[in-house]
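Visitor: So that we are looking at the same thing, I have put the structure below in structure tokens.
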Amino acid sequence: MNQLPTGMYQPGTSVVHQMKANIKIFCFLILTGAVLMAETIWGYAVLVLFSGCLIYFSKIGLQTALSSVRRLIWFLIIIFVMNLCFYGPENPWIKIGIFAPSYEGLMQGVHIAVRVILMMVIGNVLMVTTAPLVLTEGMETLLLPLKLFRIPTEQIAMILSVAMQFIPTLFEEADMIKKAQIARGARFDSKKLLDKAGAVMPLVVPIFLAAFKRADELSLAMEARGYRTDMARGQRKFGMPTGFEWLAIITCSILCILQILCL
Amino acid sequence: MQAVIAQHLTYSYLEKSKNRAIDNISFQVREGEFWAILGHNGCGKTTLARHLNALISPQKGELVVAGLDALANANIWKIRKACGMVFQNPDNQFVSSVIDEDLSFGLRNFGVSEEEIPNRVKVALEAVGMAGYEKRSTHFLSGGQKQRIAIAGVLAVEPDILIFDEVTSMLDPEGRRDVLNTMQRLRERGKTIIMISHYIEEAILADRMMLLHDGKILGIGTPGEILPDIELLNRTGLTPPMAVRAYYDLKAAGITLKECPLTNEELVEGLCQLR
């Protein structure tokens, strides 16, 4: 194995790597808000530019940043086609059965696809530049106010962190199961979308079983290593944001406000 | 002093079932000893190991680990600190893909101070021969290296007893050698080691070995006492080591060595003495 799987942490010394995890997650949430509120082409252009800067400053490379997009290209195509064909049936270009592609559908498809791509890229930068357990502690810090309502924030953060860490592993496992099934005669090369979807179904059960087995073994190993839910773990202290971190928060906030004003 | 004292230990996964995973097991492990527990799949090895790490509480009988009564709920976390456990699949033990992060997981759970953690991580990595790997990703390691990192993760907490639950079963020969050498080094440092395995050749490293079959102990003794007993091994469903089989084959052919060899080296030595 000579390449890290998609979304797996890559140690580095870039300014984005050095940012505190809680600040990075906070900025990620603001940016997600900005992406969801973007409506105009200029809004998207600013966000694309900002994402480019983010990739540049994080020094992770365009290929790594876009790796999750490449993996989910079929998902993106499906949501684009569904929006194109089913979104605006009032003024369709042409109507064939239930399919009614329209200009509104086309625009909606582009909107959704660009939003998903932007969120994937920003999320990937967060994951690749933040070590998993630091990410957990960052989430814990941000979720701290929920403790007032007796919500188990540590457990939620740990579950999210472990789940995110296992996503690349599950992708690899899916790939392995797929290859094993190809070796036994399964076909995934059909050009028909329905056939492709049908071929994916037999992958689902083994992937779920593998995920449950992994979860079971990991929980045992965590318990054996002293993890307990009824007591707080030792934790590193994040401290006050640095000058660069303030700059990042302000820039992300301005981006979000700009998107709101453009609405 | 005894590291483990088990008296009439019994456990069933279905409480009222007559099918017992371990059945009336009694044994004592002295501090600093290296034990090998062997048996075929489903004989109760892992259930026993999980008792020793307090992942399972005894249903019947008594169990004292590192001087702590395993029946007392208050001792569960103390036992887990005193008795570390390494599992079969290293990939399913890592909480973080970054090595120093993963090693610090157990330390934070047991409340080790932030200042002390880097030093503990360094010492644990040195102990398994992986010094300098702190910032590396587990993804690029071989199976044997991954398992050594998993051992370091347990070792960082500084347990007195280490349980290895079939840790070599998913490794290639080189990985197995790596991990077995690590176990030997830990034993030389005075750790009590309990190795669960179904590779009979690995038991040769142990001071004492236990054979389990259907949840019951079929034999306890030194490798020199147990391994030449082909009948006992057959009853346990284990194949004797190659050197032992060769010894009996030679005996059947009229060639008797002075004593039964356990390793190939001992077999060669025994044959040389015949010249």
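Visitor: Answer with yes or no whether A:ILE23 is out of contact with any Ser or Thr (no Cβ under 7 Å at 6 or more places or on another chain), more than 14 Å from chain B (Cβ to nearest Cβ) and at pLDDT below 90.
Guide: Working: out of contact with any Ser or Thr (no Cβ under 7 Å at 6 or more places or on another chain): yes; more than 14 Å from chain B (Cβ to nearest Cβ): yes; at pLDDT below 90: no.
Answer is no for this residue.
Visitor: May I ask you to list the residues in the stretch A:20-78 that are among the charged types (D, E, K, R) and either part of a loop (DSSP other than H, G, I, E, B) or loosely packed, with under 15 Cβ neighbours inside 10 Å (or both)? Spell out how you get there, then give the answer.
Guide: The first filter runs over the stretch A:20-78 and keeps only residues among the charged types (D, E, K, R), leaving A:20, A:24, A:39, A:59, A:70-71.
Those that are among the charged types (D, E, K, R) and either part of a loop (DSSP other than H, G, I, E, B) or loosely packed, with under 15 Cβ neighbours inside 10 Å (or both): A:LYS20, A:GLU39, A:LYS59, A:ARG70.
Visitor: Sticking with this structure for a sec: Within the bounds of the stretch A:245-255, is there any residue that is among the aromatic types (Phe, Trp, Tyr) and either surrounded by 14 or more Cβ atoms within 10 Å (Cβ to Cβ) or touching a Pro at 6+ places or on another chain (Cβ under 6 Å) (or both)?
Guide: Just the residues of the stretch A:245-255 that are among the aromatic types (Phe, Trp, Tyr), to begin with: A:246.
Retained after the next criterion (residues that are either surrounded by 14 or more Cβ atoms within 10 Å (Cβ to Cβ) or touching a Pro at 6+ places or on another chain (Cβ under 6 Å) (or both)): none.
Checked against the condition, which is being among the aromatic types (Phe, Trp, Tyr) and either surrounded by 14 or more Cβ atoms within 10 Å (Cβ to Cβ) or touching a Pro at 6+ places or on another chain (Cβ under 6 Å) (or both), the stretch A:245-255 yields no hits at all.
Visitor: With within 24 Å of A:LEU218 (Cα to Cα), surrounded by 12 or more Cβ atoms within 10 Å (Cβ to Cβ) and without any contact (Cβ under 8 Å) to a residue 24 or more places away in the chain as the only criterion, which of A:THR153, A:THR169 stands out? Break it down stepwise before answering.
Guide: Working: A:THR169 fails: without any contact (Cβ under 8 Å) to a residue 24 or more places away in the chain.
Step by step, each of A:THR153, A:THR169 is checked, and only A:THR153 is within 24 Å of A:LEU218 (Cα to Cα), surrounded by 12 or more Cβ atoms within 10 Å (Cβ to Cβ) and without any contact (Cβ under 8 Å) to a residue 24 or more places away in the chain.
Visitor: Select, from B:ALA152, B:ALA127, the only residue that is more than 8 Å from every other protein chain (Cβ to nearest Cβ) and more than 23 Å from A:ARG228 (Cα to Cα). Outline the logic, then answer.
Guide: Details: B:ALA152 fails: more than 23 Å from A:ARG228 (Cα to Cα).
One residue alone meets the criteria, B:ALA127.
Visitor: Restricting attention to the stretch B:75-96, does a residue exist that is of a type in the set (Asp, Glu), outside any helix (DSSP H, G or I) and more than 18 Å from the chain's Cα centre (by Cα)? Talk me through it step by step, then tell me what you get.
Guide: Kept after step one, since they are of a type in the set (Asp, Glu), are these residues of the stretch B:75-96: B:91.
From what is left, the residues that are outside any helix (DSSP H, G or I) are none.
Checked against the condition, which is being of a type in the set (Asp, Glu), outside any helix (DSSP H, G or I) and more than 18 Å from the chain's Cα centre (by Cα), the stretch B:75-96 yields no hits at all.
Visitor: Follow-up. Which of (1) within 14 Å of chain A (Cβ to nearest Cβ); (2) of a type in the set (S, T, N, Q); (3) in a loop (DSSP other than H, G, I, E, B) does B:SER17 not meet, given it meets every other one?
Guide: Only one criterion in (1) within 14 Å of chain A (Cβ to nearest Cβ); (2) of a type in the set (S, T, N, Q); (3) in a loop (DSSP other than H, G, I, E, B) is unmet by B:SER17, namely (1).
Visitor: Same structure, new question: Would you point out which residue out of A:PRO202, A:PRO168 is within 14 Å of another protein chain (Cβ to nearest Cβ) and at pLDDT below 80? Before the answer, list the steps.
Guide: Working: A:PRO202 fails: within 14 Å of another protein chain (Cβ to nearest Cβ).
Sole residue among the options that is within 14 Å of another protein chain (Cβ to nearest Cβ) and at pLDDT below 80: A:PRO168.
Visitor: Still on this model: How about the stretch B:77-93: which of its residues are buried (at least 24 other Cβ atoms within 10 Å of the Cβ), more than 8 Å from chain A (Cβ to nearest Cβ) and hydrophobic (A, V, I, L, M, F, W, C)?
Guide: Those that are buried (at least 24 other Cβ atoms within 10 Å of the Cβ), more than 8 Å from chain A (Cβ to nearest Cβ) and hydrophobic (A, V, I, L, M, F, W, C): B:ILE79, B:CYS83, B:VAL86.
Visitor: Return only the number of the condition from (1) within 14 Å of chain B (Cβ to nearest Cβ); (2) farther than 30 Å from A:VAL204 by Cβ; (3) modelled with pLDDT under 85 that A:ILE94 does not satisfy.
Guide: (1)
Visitor: Checking the structure you have, find out if any residue of the stretch B:142-149 is within 14 Å of chain A (Cβ to nearest Cβ), in contact (Cβ under 8 Å) with a residue 40 or more places away in the chain and either in a loop (DSSP other than H, G, I, E, B) or among the acidic types (Asp, Glu) (or both).
Guide: No, every residue in the stretch B:142-149 fails to be within 14 Å of chain A (Cβ to nearest Cβ), in contact (Cβ under 8 Å) with a residue 40 or more places away in the chain and either in a loop (DSSP other than H, G, I, E, B) or among the acidic types (Asp, Glu) (or both).
Visitor: Go over the candidates B:ASP214, B:ASP229 one by one and state the one that is without any contact (Cβ under 8 Å) to a residue 24 or more places away in the chain, under 30 Å from B:ASN19 (Cβ atoms) and of a type in the set (D, E, K, R).
Guide: Working: B:ASP214 fails: without any contact (Cβ under 8 Å) to a residue 24 or more places away in the chain.
Exactly one of B:ASP214, B:ASP229 is without any contact (Cβ under 8 Å) to a residue 24 or more places away in the chain, under 30 Å from B:ASN19 (Cβ atoms) and of a type in the set (D, E, K, R), namely B:ASP229.
Visitor: Which residue is nearest to B:VAL167 (Cα to Cα), if the candidates are limited to the stretch B:97-121 and must be at the interface with another protein chain (Cβ under 7 Å from one of its Cβ atoms) and part of a loop (DSSP other than H, G, I, E, B)?
Guide: Going residue by residue through the stretch B:97-121, those that are at the interface with another protein chain (Cβ under 7 Å from one of its Cβ atoms) are B:97-98, B:101, B:105-106, B:108-112, B:114.
Subset that is part of a loop (DSSP other than H, G, I, E, B): B:97, B:110-112, B:114.
Numbers: B:SER97: 19, B:PHE110: 24, B:GLY111: 27, B:VAL112: 27, B:GLU114: 30 Å.
Among those residues, the one meeting the criterion is B:SER97.
Visitor: Can you give me the number of residues within the stretch B:49-64 that are within 13 Å of chain A (Cβ to nearest Cβ), touching a residue at least 24 places away in the same chain (Cβ under 8 Å) and not in a helix (DSSP H, G or I)?
Guide: 4
Visitor: Kindly indicate the residue of the stretch A:8-18 that is modelled with pLDDT of 90 or more and under 19 Å from the mean Cα position of the chain (by Cα) and also farthest from the other protein chains (Cβ to nearest Cβ) among those meeting that condition.
Guide: Selected residue: A:VAL16.
The values are calculated or read from the model by the stated rules, or taken from the named source; none is laboratory data. All values derive from a computational prediction rather than experimental measurement. A quick note on method: Cβ atoms are made from the backbone with ideal geometry, for glycine too, and the neighbour counts reach across all protein chains shown.
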